[in-house]
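So the structure is just underneath, and the comments pick up after that.
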Amino acid sequence: MLEVSKLSRSYGDFLAVNDVSFSIKSGEIVGLLGHNGAGKTTIMKMLSGFLEPDHGEVVLDGIALHEDPKRAQRLLGYLPENLPLYPEMSVADYLDYAAELKGLHGSERTAELRRAIKATELESKLLAPIATLSRGYKQRVGVAQAILGKPRLLILDEPTNGLDPTQTEHMRALIREIAQHATVMLSTHIMQEVDALCDRVLIVNAGRLVIDETLASLKLASQLHLSTTLSAAELAALVRTLPAIGRVTSAATSGAWHDYTLDLQSGCDLREVAAALNHAVLQAHGKVAALQPLVRSLESLFREVSDGHQPRSVPKVKHAA
C-alpha cells in the first residue's frame, strides 16, 4: 500500500533523513518512533508531499508521489503535531473549508462532514470559534480534518496530545476503526499509545531507520527465565551440552528453588531451545517450576536504540501454519 524507497533529505549540511526504506500493508497501524531530532517529522512531511526528498521515492497505492502529487495526496490524511488552525473560524466553517480543499462536493461532502464530526464528538462545538477551544478539542478538530474523505493512508503526529484519559481511549478506538479500511502511521512519544495501538514499530535514530519489526517480536528478549531445583553448578554443567545457550546468571534463591536468566544465541529457535532445556533438566532429576522467555519493555528498547546501541537479535519463534 505504501512503499518508501531510499528517502534522504538534508537541511544545508545537516542530513536529517538518510537512505530510509520501508513498506506498509493496508490495514496496518505502524508506530514511527525516535527521539527529538531523529528525523521522524521530516519523514512524515515527505510522505505527505509537504517536503520533497533530495533522493528516493514514495509510492502510495501504486501512485508515485513525485509523478502525480495531487492524485496521491487525495489518498492522504495528515495530522501534524502543530496543526495550523484558523482561530477566528468556527469549527463548522473550518471543517467545511478543509472538505473543500480535499475536493469534496455535494452530498459526499455533507456525508463526510457528518461522519468526521460524529467520529470526533465535535457536535457541541460546531459553532464555537476555534480560539475558544481547549487543547483537547483543537486536537479533535485536527483529527476530524485528517479523516475527511476516508483517506487510504492516515499520518498522525502525536494524535492524543492534550487529550484526557477518556478522550485518549476514544481516540484509540477511532484509530482502530479507521485501520479497518486504511493504513495508519502514528508518531508519538507516549509508549503506552504504541503498546495499545501498533502492530509494528519503525525506530529512527540520527536519520537512519534502525528498527523495523513487529511489536511482539521486539519485546522478546534473547533470554529465558528458568526456575528449577538444580544448583548453579549442576545447571552450568547441563547447559554446556546445549550450544544455543550462552551465559547463565543466578537471579534468586528460595529454599530448594533457584531462578536463573539464560542468554540465548541470536537466530536460535526459542521453542526448540526451551524444549531441549526442559528435557535436559528433567533428565538430570531436576524440577522445573517456570520456563519462559523474558519480555523487555518498549521504553527500555527505545532507550537502548536512542543511546546508539543495536538491540540483540531476538530468537526465532515458529508459528503454526
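The values are calculated or read from the model by the stated rules, or taken from the named source; none is laboratory data. None of these values were measured; they are calculated from a predicted model. Quick reminder, even Gly has a Cβ in these numbers, built from the backbone with ideal geometry, and neighbours come from all protein chains shown. Heads up: the accessible areas ignore ligands, DNA and RNA and are worked out on the full protein's heavy atoms, side chains in. Shrake-Rupley method; radii C 1.70, N 1.55, O 1.52, S 1.80 Å.
The residues in the stretch 273-293 that are surrounded by 14 or more Cβ atoms within 10 Å (Cβ to Cβ) and not hydrophobic (A, V, I, L, M, F, W, C) can be counted, and the count is 3.
The residue that is least open to solvent (accessible area, probe 1.4 Å), counting only those in the stretch 59-84 that are assigned to a loop (DSSP other than H, G, I, E, B) and either farther than 24 Å from Leu163 by Cα or at pLDDT 90 or above (or both), is Leu65. Candidates Glu108, Glu121, Glu112: the one that is surrounded by 12 or more Cβ atoms within 10 Å (Cβ to Cβ) and without any contact (Cβ under 8 Å) to a residue 24 or more places away in the chain is Glu108. On the stretch given as the stretch 25-58, residues that are assigned to a strand (DSSP E or B) and within 20 Å of Pro80 (Cα to Cα) total 6. Once the stretch 212-260 is narrowed to residues that are in contact with a Leu (Cβ under 8 Å, 6 or more places away or on another chain) and either at positive phi or part of a loop (DSSP other than H, G, I, E, B) (or both), the residue that is least open to solvent (accessible area, probe 1.4 Å) is Leu230.
Here Lys40 meets each of (1) charged (D, E, K, R); (2) within 20 Å of Asp157 (Cα to Cα); (3) out of contact with any Ser or Thr (no Cβ under 8 Å at 6 or more places or on another chain) with one exception, condition (3).
In the set Leu154, Leu209, which member is of a type outside the set (Asp, Glu), modelled with pLDDT of 90 or more and open to solvent by less than 10 Å² (accessible area, probe 1.4 Å)?
Leu154
Checking each residue in the stretch 7-29 for being loosely packed, with under 13 Cβ neighbours inside 10 Å and under 16 Å from Lys40 (Cβ atoms) picks out Tyr11, Phe14.
Within the set Gly56, Gly34, the sole residue that is open to solvent by less than 70 Å² (accessible area, probe 1.4 Å), more than 29 Å from Ala99 (Cβ to Cβ) and either at pLDDT 90 or above or of a type in the set (A, V, I, L, M) (or both) turns out to be Gly56. Quickly run through the stretch 3-31 and pick out the residues that are modelled with pLDDT of 90 or more and among the hydroxyl-bearing types (Ser, Thr, Tyr). Across the stretch 3-31, the qualifying residues are Ser5, Ser8, Ser10, Tyr11, Ser21, Ser23. Restricting attention to the stretch 261-289, which residues are touching a residue at least 12 places away in the same chain (Cβ under 8 Å) and on the phi > 0 side of the Ramachandran plot? Within the stretch 261-289, Gly267 is the sole residue that qualifies. Picking from residues in the stretch 179-206 that are open to solvent by 60 Å² or more (accessible area, probe 1.4 Å) and over 17 Å from Leu2 (Cα atoms), the one that is farthest from the chain's Cα centre (by Cα) is Ala206.
Residues in the stretch 75-117 that are closer than 30 Å to Leu33 by Cα and among the aromatic types (Phe, Trp, Tyr): Tyr78, Tyr86.
Being in contact (Cβ under 8 Å) with a residue 60 or more places away in the chain and not β-branched (Val, Ile, Thr) is a description that does not apply to Met171.
When Arg176 is tested against (1) farther than 21 Å from Ser297 by Cα; (2) under 14 Å from the mean Cα position of the chain (by Cα); (3) without any contact (Cβ under 8 Å) to a residue 12 or more places away in the chain, just one condition goes unmet, and that condition is (3).
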